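Below is one structure, written out as C-alpha cells, with a few remarks after it.
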Amino acid sequence: MFLNTEPKTAVIAAASGSKSLATQPADTMAAGPNAMKWVKSVCRYCGTGCGVMLGVEGGKLVALRGDKEHPTTKGLVCAKSLFLPKVVHSPNRLTTPMIRKDGKLVNASWDEAMTLICDKFAASIQKHGPQSVAFYGSGQAMTEESYLANRLFKGGIGSNHVEGNPRLCMASAVGGYVSTFGKDEPMGCYDDIDHADVFFLIGSNTAECHPVIFDRILARQKTKSGVKVIAIDPRRSPVGRHTDLYLQPKPGYDLAVFHAMANVIVHEGMIDQAFIDRNVQFKIVKDGKPVKVGFEGYKKFLDDFTPEKAEAICGVPAGDIVTAARMFGAGRTMSFWTMGLNQRTTGVWANNLVHNLHLISGQIGKPGATSFSLTGQPNACGGVRDTGTLSHLLPYGRSVTQPEHRAAMEKLWGAKPGTIPAQPGLHTIAMFDALAEDKIQAILILTTNPGHSLPNVNKYRDAMGKPRRNKPFVAVLDIFHTRTTELADVVLPAAMWAEKTGVFGMSERRYQLHPKVTDAPGQARSDFDILLDFAAGLEDRGVVPKGYINGRFKNTDEIWDEIRQASMGTPYDFMGITRERLRQERGLRWPCPTPTHTGTARRYVKGDDPMLDGDDSLKDGETKFYAAPEQRAIVWLRPVKGPAEPPDAEYPFVMTTGRVLEHWHTGTMTMQAPELRRAYKECYVEINPQDARKMSVQSGDKIRITSRRGVAQMKARVIAATQPGMVFVPMHWEDDPALINRVTINAFDPGSKQPEYKICAVKLAKA
Ligand SMILES: Nc1nc2c(c(=O)[nH]1)N[C@H]1C(S)=C(S)[C@@H](COP(=O)(O)OP(=O)(O)OC[C@H]3O[C@@H](n4cnc5c(=O)[nH]c(N)nc54)[C@H](O)[C@@H]3O)O[C@H]1N2
Ligand SMILES: Nc1nc2c(c(=O)[nH]1)N[C@H]1C(S)=C(S)[C@@H](COP(=O)(O)OP(=O)(O)OC[C@H]3O[C@@H](n4cnc5c(=O)[nH]c(N)nc54)[C@H](O)[C@@H]3O)O[C@H]1N2
Ligand code: SF4
Ligand SMILES: [Mo]
C-alpha cells in the first residue's frame, strides 16, 4: 500500500516517466548539463509532512522519492506523492487569467484581471466598509502566503473576515488543545511512535490518510512484542486489519466510550495521582461559566458512565470498553485522531475527553505517551493555525479580542493603531452564509475548492455563482478548473508547490522548506506574488495605507524574517528557524528560539522545551503546562450529546463521508494521474450487507441518496465496513450526480464552528 522507496523502484519510473531512473541509483546520474538533480523538499499532500527528494531534469520535475535522511519520515512516502510530477506538468493546468463576460469565462490579461479585482474590492470597501470583503484560504497555501493575506486583510483593510479550510478540518482540535492546555498544537512528536506500547486511533483512517505514520505504527508493532493497537470508528476502515481491538460506537456517541474508559482507569487504579496533583485541574461548565470541581467531583461525574451505562448509550460492549481502558492504562499510550473526532458538532468536547484520558493516567509528556491530533493538510498547522489566519486569531497564539495582541501586531505590521477590529470575523459557514445574503460583497478564494468541499454545498454554490442583482464578486486562484472556478467572476492561474519556494509546518511542529525547482506553466504566477499585486492595487486605490505592504517584501524569503519576529517571545518562538537553516536542515520543530537551538521534541517538558529553561521548580523530564490557567491542564466534565441530525423514520440512515488512499479531497490533483484515477472507476457508497439484503441491493446497483438538503447518486458497494444503518461515501468525485456535499449538513460545533461532515440523516433508494 505504501512504499519504502528505493531510487530503483519501478513505481518511481512509472510515476516520473523517466526511463533512466528505473535502473540507476540516484547518485550516478550527476553527469552532463541536463542530468537529473535530486533536491530536498516536502510532500505536497498530507500533514504527515514526509521529506521527499525531487528529481529535476532539464528544468522539469520528473521524479519523486522518499528522503532517507529525513529524521522522522525516514524515506517513506505513499502512492499519491509519487505521481506529483504528473500533476505539476499536467496539460490541464490553468495558464491564463480569465474574466466572466456575458456569463462566460474568457481569457484576459493579468492587467485586466487584477484591475477588475482591485476595483471591485476597493469599491466594496468604500461603499459598504471593510466588513464587506473576505478572504478564504487554505491549509495547503504556503505559510508566507497565509501570513501575507492575514496581514493585508486584518491590519491593512481592517476586516477580520479571514478564514480557511482548516476550519473544516482542524478547528475542533485547536479548540481542544486551547481549552485543555491553553495553547494550540500537539506537544509530542513522531519519535514517540518508537517508544509507545499502545496506539489509540480515534476516528482516523490512518492506513489510508496518514499512511506513513501508520507504517511506523506497524513497524513498532512488529519490533516490540505486546504492542497494542486500538481503534474506535463506527465504520471498520482498513485500519482494522492491524488492530487488537476495534470499537464501533453508534456514530456521534463515542464521548460515552471516553468517559467510561476514564471510569475504569480511575476505579482500577491506573491514575497517576502525583501527576494529577501537580499538573491537573477539573472543571465543568455551569450556567455558561467554568467552575472548578476537584478530582472527587470528577469521580462522581464518572459514576454516570460505567461501561454498562456507556454501552446503553453508544452500543459498544461494556467488556470491550474495559479492555480498551486496561490497554490504555497499562503501557505508554499514544492517541491519534482525525476527522472522525473533529468533524462533529461535539468535536471540541470529544477532543477534551481524549486529553482527559492522558491527563488522569499521566500518559503525556513522556516518550511514547502523548495526545496527538493528526493534521490533515500539509500546512494547516504552520500556515493557518500558527499564523492565526482564521477570523478570531492573530499570529502565534494571539487573539483579535485581546487589545494587547492587536496592538502588538499593529506595531509589527506598521498598521494604524485601531485598524484590526476587536470582534472576531465570520467563521467559514457564517462567511458563506453572509455571501448567500449578499452581506459579503467581494471574496478572494485561494488554494481551496469550496464549490465542492463545503457542506450543504447547494446553498453555497448558489451564494457564489447564482446570477442576481448585487451578486457578490468572487475571485478564485487555482491551478486547475474546478467546481469553484466554474462559479467565479475572475479566475487566476496559480503556480503550485514545486514551482515556488515556501514553508510548510506539519503535525509534529516541524517547519520545512519546499524550494522552487521548476517554472509554472504559461502565465501562472505564485499566489504570493498575486497577493502582493493585489495589496499594491488596494494601496493605489486608497483603501489600504500606502506602503503598508507594497515595497516591503519582494519574495517569500524576505517576509520570513517578519514571520519569525511575530513568533518572538510567544510560546511558539522560532527566531532560530532561519531561512538558511531551513535550506540546510530537514526542518526544525518549534519552539526553537535561537539559531543554535536544535528544536523541541516534546513541549511542556523540562530539559526539552526551552520555555522551561531556568524553571528550577522542575526536575528534568517533569511537565509544566505553562500556557494553561494556573499552569494546570484542565480535565473537562463534558456531557454526552448526539449528532445534530440523528436518523429518524423519514431519513433512517446515517451517512458519513471521507477519503480513500489514492485521492486527495476534491480530486483536482490526484485525478490528473491516470494511475491513481484507475484505482476506482467511479464514486461509490458503502452499504452494509444486512441493509443491502433488506433493500435487495447488490454491488454495482445505482443508489440515490437523499437528505433534507440535496440528492446524490452513485453505485453501491456492499461491504461489511459500515455498521447496519450507516453508509459511507468518499468525497473525491466532482461530477454530478456524485457530488456528495449536496447531501451533507452544515451544522457546526458551537465552540470550534467546524461542520459535522461525519454525520447526517439520509434515505436510500435504488435509482
Ligand atoms: N488519501 C488521502 N489522505 C488524506 C487526505 C485525502 O484527501 N486523501 N486528506 C487529508 C486531510 S485534509 C484530512 S482532514 C485527513 C482526514 O483523515 P481521516 O479523518 O482519517 O479520514 P476520513 O475518511 O475523513 O475519516 C476518518 C473516519 O472517521 C470515521 N467517523 C465517522 N463518524 C465518527 C464518529 O462519530 N466517531 C469516530 N470515532 N469516528 C467517526 C469515519 O467512519 C472514517 O473512517 O486526511 C488527510 N490525508
Ligand atoms: N463531504 C466531505 N467534505 C469535506 C470533508 C469530508 O470529510 N467530507 N473534509 C473537509 C476537509 S477536512 C478539508 S481539509 C476540505 C478540503 O477541501 P478543499 O480545500 O476545497 O479541497 P482541495 O481539493 O484540497 O482543494 C485545493 C484546491 O487548491 C488547488 N491548488 C493546489 N495547489 C494550489 C496552489 O499552489 N495555489 C492555488 N491557488 N491553488 C492550488 C487545487 O487544484 C484545488 O482546487 O474538505 C472538507 N470537505
Ligand atoms: S503520507 Fe502524506 S506527506 Fe507522506 S507521502 Fe503520503 S501524502 Fe505525502
Ligand atoms: Mo482536512
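Quick notes
- Per residue convex hull volume, Cα atoms of the stretch 653-766, in Å³: 103
- Relative contact order %, the chain, counting alpha carbon pairs below 8 Å whose residues are six or more apart: 18
- Amide H contacts under 5 Å for THR375, placed H, 5+ residues apart: SER507
- A Förster distance of 56 Å, applied to the separation of the beta-carbon atoms of ASP304 and GLU682, puts the FRET efficiency at 0.75.
- Sorted from longest to shortest, the spans of the Cα atoms of the chain along the three principal axes equal 70, 70, 63 Å.
- Order of MET655, MET114 - criterion: other Cβ atoms within 10 Å of each residue's Cβ, fewest first: MET114, MET655
- Alpha-carbon centroids, the stretch 235-292 and the stretch 133-149: separation in whole Å: 35
- Excluding same-chain neighbours fewer than eight residues apart, the lysines reachable from LYS60 by a Cα-Cα span under 18 Å are LYS19, LYS37, LYS40, LYS86, LYS500, LYS516.
- For a straight C-alpha distance cut-off of 22 angstrom, the lysines reachable from LYS416 (same-chain residues fewer than eight places away being disregarded) are LYS127, LYS154, LYS546.
- Isotropic mean projected area of the C-alpha convex hull, the stretch 604-658 (nm²): 7.3
- Percent RCO, i.e. relative contact order, over the stretch 653-766, from Cα pairs under 8 Å lying at least 6 residues apart: 37
- Where only C-alpha atoms are counted, convex hull volume of the stretch 621-687 per residue in Å³: 255
- Calculated mean residue ellipticity, 222 nm, the chain: -8000 deg cm²/dmol, from DSSP H runs (n ≥ 4) at -39500 (n - 2.57) each, averaged per residue and rounded to 500.
- About the Cα centre, charge dipole magnitude for the chain (Lys/Arg +1, Asp/Glu -1 at Cβ), debye: 1160
- Alpha carbon centroid spacing (whole Å) that separates the stretch 587-635 from the stretch 53-109: 38
- For the chain, with +1 on Lys and Arg beta carbons and -1 on Asp and Glu, the positive-most of ILE443, HIS392, LEU531 along the dipole: ILE443
- Largest first, the three principal axis extents of the alpha carbons in the stretch 573-721 are 70, 46, 27 Å in whole numbers.
- For the stretch 247-294, the calculated P(r), taken from all Cα-Cα distances in 5 Å bins from zero up to the bin holding the longest distance, is 5, 16, 15, 22, 21, 14, 7, 0 percent.
- Over the stretch 723-767, equivalent-ellipsoid semi-axes from the Cα gyration tensor in Å: 22, 15, 9
- Given in Å, the Rg to one decimal and the Dmax to the nearest whole number for the Cα atoms of the stretch 174-373 are 15.7, 51.
- Kirkwood Rh, Cα atoms: Rg over Rh of the stretch 453-505: 1.08
- Dipole of the chain, positive direction: furthest Cα of ILE364, GLY164, PRO545, with charges on the beta-carbon: GLY164
- Label-reachable residues, the stretch 560-578, where backbone N falls under 15 Å from a point 7 Å from LEU618's Cα toward its Cβ: 571-573
- Cα centroid separation, the stretch 171-229 to the stretch 694-733: 30 Å.
- Most positive-pole-ward Cα, VAL660, PRO755, THR722, against dipole of the stretch 653-766 from beta carbon charges: THR722
- Least to most buried among MET726, MET506 (fewest other Cβ within 10 Å first): MET726, MET506
- Trypsin sites (Lys or Arg not before Pro) restricted to DSSP loop in the stretch 584-634 with at most 16 other C-beta within 10 Å: LYS619
Where a number appears in this text, it was derived from the coordinates with a stated rule and is not lab data. Just so it is clear, the model here is predicted, and its values are computed rather than measured. Cβ atoms come from the backbone with ideal geometry, glycine included; neighbour counts cover every protein chain shown.
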